[in-house]
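Undergrad: Questions regarding the structure given below will be posed in turn.
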Amino acid sequence: MTTGEKIRACRQNAGLSQEKMAELVGVSRQAVTKWEADQSAPSTENLFRLAEIFGTTVDTLLGSGVRSPAEQIYYLYKMEEAEKRARQKQVLRARLLAALAAAALWLILYLIGRTVWCDPSESTLLGWLFLSQPEGAGSYLFGWLLSSRLFWPAMALSCLPALLGKFRFSLCTFAGCVLGLVLGILFGPDPAGAAYGHGHYGWAIWIGVYLLALLAGLLTERFRKTPRRGEPAQ
């Protein structure tokens, strides 16, 4: 019998459901399902928890091929390493998806701006996507972001930290960009200063809001809830 089969047999002999066993060990039901299907292995710590719950020993839960104490130690080590690699892959995948999601939000914002302030009938698709200048009411700030070449660096600064697990930072900075655009469009125009070449302060509003969003993102990541020491891992 494999380790997963022995865990399932012990659980059934103890009259426990997967949900109840997951609760006792301190993991998710999906983790128990994967253990019993031999899709993943419990950590050394969780093996000892299982042995205690079932009133048996770790030796009993290990696969039949394990014989000597040295083999048992090596087997536990290999399972621990396999679980660690699986966790690392899950973390990398989650971070990549988070970065892609953050980038998608920025691209949607970019396309909305292009749709609202750039006429697609006056150029080719590529021209509309990258070359057309925003025109019309409320277009100044979006056009300024593109002409000053700040939009893409702001997007990169927002999205790249998601690859390091800082998705809250990415959300804060994206929200800051959107809020800065809205506030800049609403409160940036200054007709009285147009004669002096200062007819719009939306750029200053956007920069201020985005900088505050950067700070908010840093603080959010700094004080976010972290797992308590001793909290069981899957």
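The values are calculated or read from the model by the stated rules, or taken from the named source; none is laboratory data. These numbers were taken from a predicted model, which means no experiment stands behind them. Backbone-built Cβ (ideal geometry, glycine too); neighbour counts: all protein chains shown.
Undergrad: Among the numbered conditions (1) within 26 Å of Gly165 (Cβ to Cβ); (2) modelled with pLDDT of 90 or more; (3) of a type in the set (Val, Ile, Thr), tell me where Ile53 comes up short.
TA: (1)
Undergrad: Conditions: (1) surrounded by 12 or more Cβ atoms within 10 Å (Cβ to Cβ); (2) modelled with pLDDT under 95. Leu125 meets all but one. Number of the miss?
TA: (1)
Undergrad: While we're looking at this one, here's another question. For segment 148-160, which positions are assigned to a helix (DSSP H, G or I) and either aromatic (Phe, Trp, Tyr) or without any contact (Cβ under 8 Å) to a residue 40 or more places away in the chain (or both)? Break it down stepwise before answering.
TA: Within segment 148-160, the first condition is being assigned to a helix (DSSP H, G or I), and the residues that meet it are 151-160.
Those that are assigned to a helix (DSSP H, G or I) and either aromatic (Phe, Trp, Tyr) or without any contact (Cβ under 8 Å) to a residue 40 or more places away in the chain (or both): Phe151, Trp152, Pro153, Ala156.
Undergrad: When you scan segment 151-187, how many residues do you find that are within 19 Å of the chain's Cα centre (by Cα) and surrounded by fewer than 18 Cβ atoms within 10 Å (Cβ to Cβ)?
TA: Going through segment 151-187 one residue at a time, the tally reaches 7.
Undergrad: Further, regarding this structure: I'm told Met1 meets every condition in (1) within 17 Å of Ala86 (Cβ to Cβ); (2) of a type outside the set (Phe, Trp, Tyr); (3) at pLDDT below 90 except one. Can you identify the failing condition by its number?
TA: Answer for Met1: the failing condition is (1).
Residues checked against (1) crowded, with 16+ Cβ neighbours inside 10 Å; (2) out of contact with any helix residue (DSSP H, G or I) (no Cβ under 6 Å at 6 or more places or on another chain); (3) in a helix (DSSP H, G or I):
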{"position": "Trp106", "(1), (2), (3)": "yes, no, yes"}
{"position": "Ile112", "(1), (2), (3)": "no, yes, yes"}
{"position": "Val116", "(1), (2), (3)": "no, yes, yes"}
{"position": "Pro134", "(1), (2), (3)": "yes, no, no"}
{"position": "Phe142", "(1), (2), (3)": "yes, no, yes"}
{"position": "Leu146", "(1), (2), (3)": "yes, yes, yes"}
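Undergrad: I've got another one for you. In segment 129-139, is there at least one residue being of a type in the set (D, E, K, R), modelled with pLDDT under 95, touching a Phe, Trp or Tyr at 6+ places or on another chain (Cβ under 8 Å) and closer than 28 Å to Ala101 by Cβ?
TA: Here is the first cut: in segment 129-139, the ones of a type in the set (D, E, K, R) are 135.
Subset that is modelled with pLDDT under 95: 135.
Retained after the next criterion (residues that are touching a Phe, Trp or Tyr at 6+ places or on another chain (Cβ under 8 Å)): 135.
The next check asks that each one be closer than 28 Å to Ala101 by Cβ; those that pass are none.
No, every residue in segment 129-139 fails to be of a type in the set (D, E, K, R), modelled with pLDDT under 95, touching a Phe, Trp or Tyr at 6+ places or on another chain (Cβ under 8 Å) and closer than 28 Å to Ala101 by Cβ.
Undergrad: Right, another one. In segment 82-104, what residues are surrounded by 14 or more Cβ atoms within 10 Å (Cβ to Cβ) and over 30 Å from Thr44 (Cα atoms)? Quick ask: steps written out before the conclusion?
TA: Looking only at segment 82-104, we keep the residues that are surrounded by 14 or more Cβ atoms within 10 Å (Cβ to Cβ), and these are 83, 86-87, 95, 98-99, 101-103.
Ala98, Ala99, Ala101, Ala102, Ala103 - these are the residues of segment 82-104 that are surrounded by 14 or more Cβ atoms within 10 Å (Cβ to Cβ) and over 30 Å from Thr44 (Cα atoms).
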